[in-house]
Amino acid sequence: MAKTSTTTQGLRAAIERSGYYPALVAEAVEAAVGGEPIGSYLVHQETTFDSNEVRRHVTVLVLTGTRFIVSHTDEQAADSTSPTPYATTSTESVKLGRISSVVLSRVVANPEKYVPGTLPREVVLTIGWGAVSRIDLEPAACGDPNCEADHGYTGNSTADDLSLRVSETGDGPDTVRQTLAFAQSLSEATAATAR
């Protein structure tokens with residue numbers, strides 16, 4: 001999809017709707033996108049509770065013809081390094097060919113009554129491109145219950161650079177739909193680069 005004023009305006013409107021430092025977030029995202037056409041986007045605002053503090057966080061995902069751009073903005077309370085509250089914004093630009101996995105988990109109520117096209121109750125979008133991997137190890141064993149030999153370790157490595165959970169109850173049905181649409185666009189784009 002070509003970068004049109006409608007697409008750009010839609011992204012900016014979604015950032016504004018999040019209500020989370022929209023001028024700061026928009027400037028960071030627009031600088032990362034540059035003049036490249038926007039194919040799809042997703043804006044996800046999340047509130048977390050950390051001890052006695054409430055913190056907000058926004059993630060903006062943008063898909064262009066060649067890149068996947070992820071932007072995170074977090075707010076921080078005043079601390080020993082800053083006498084006033086502050087926000088940290090970071091953007092990462094990933095070539096589509098580097099994306100190794102796009103996982104979309106759907107949670108559906110009453111699966112025995114599921115009708116195709118029904119909106120899931122929640123979705124979790126996990127995207128991996130090799131920047132962060134999680135390794136889960138456990139001691140290896142053999143089938144002999146009396147064996148005392150050291151069999152080393154066994155485990156697996158999982159790429160999970162980014163994981164977003166979106167629920168119909170917490171984020172609204174439109175955000176769930178947008179997450180599904182973004183996941184499909186990203187999956188199609190990565191498949192096209194693999195050919």
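The values are calculated or read from the model by the stated rules, or taken from the named source; none is laboratory data. For clarity, every value in this text was computed on a predicted model and none was experimentally measured. Counting neighbours? That spans all protein chains shown, and the Cβs are built from the backbone with ideal geometry, glycine included. The protein model used for the area step is the full one, side chains on, heavy atoms only, and it has no ligands, DNA or RNA in it. Shrake-Rupley method; radii C 1.70, N 1.55, O 1.52, S 1.80 Å.
Quick check for you: with a 1.4 Å probe and neighbouring chains kept, what is the accessible area per residue of the range 10-134, in Å²?
Value returned for the range 10-134: 54 Å² of accessible area per residue.
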Between 0 and 90°, nearest 10: helix 5-18 axis offset from the chain longest Cα axis: 70 degrees
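Provide the FRET efficiency to the nearest 0.05 for the residue 92-residue 16 pair, computing r from the beta carbons and using R0 = 35 Å. Could you put the intermediate results ahead of the total?
Details: r = 23 Å, r/R0 = 0.65.
About 0.95, to the nearest 0.05.
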J(HN,Hα) series, the range 27-36, from Karplus relation 6.51 cos²θ - 1.76 cosθ + 1.60, nearest Hz, glycine and proline x: 4, 5, 5, 5, 5, 5, 5, x, x, 6
Orientation-averaged projected area, Cα convex hull of the chain (nm²): 17.5 nm²
Using θ = phi - 60° and Karplus 6.51 cos²θ - 1.76 cosθ + 1.60, couplings along the range 83-94 (whole Hz; Gly, Pro as x): x, 10, x, 8, 10, 10, 10, 9, 10, 10, 10, 10
Amide H partners (placed H, <5 Å) of residue 129, local residues excluded: 100, 161
Solvent-accessible surface (1.4 angstrom probe) belonging to residue 151, in square angstrom, nearest 10: 80 Å²
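For the range 1-96, count all C-alpha to C-alpha pairs, find those more than 17 Å apart, and express that count as a whole percent of the total. Spell out each step's value before the answer.
Values: 2297 of 4560 pairs.
Distances greater than 17 Å cover 50 percent of the Cα pairs.
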GluC sites (Glu not before Pro) within the range 35-130: DSSP coil, no more than 15 neighbouring Cβ in 10 Å: none
Residue (of 100, 59, 33) at the positive-pole extreme of the chain, dipole from beta-carbon charges: 33
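Figure the gain on full extension for residue 24 and residue 114 (residue separation times 0.36 nm, minus the Cα-Cα span) and round it to one decimal in nm.
Details: separation 90, 0.36 × 90 = 32.40 nm, distance 4.16 nm.
Going from the current span to full extension adds 28.2 nm.
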Folded to 0 to 90 degrees: helix 173-194 orientation relative to the chain principal axis, Cα: 70 degrees
Probe 1.4 Å - accessible area at residue 12, Å² to nearest ten: 90 Å²
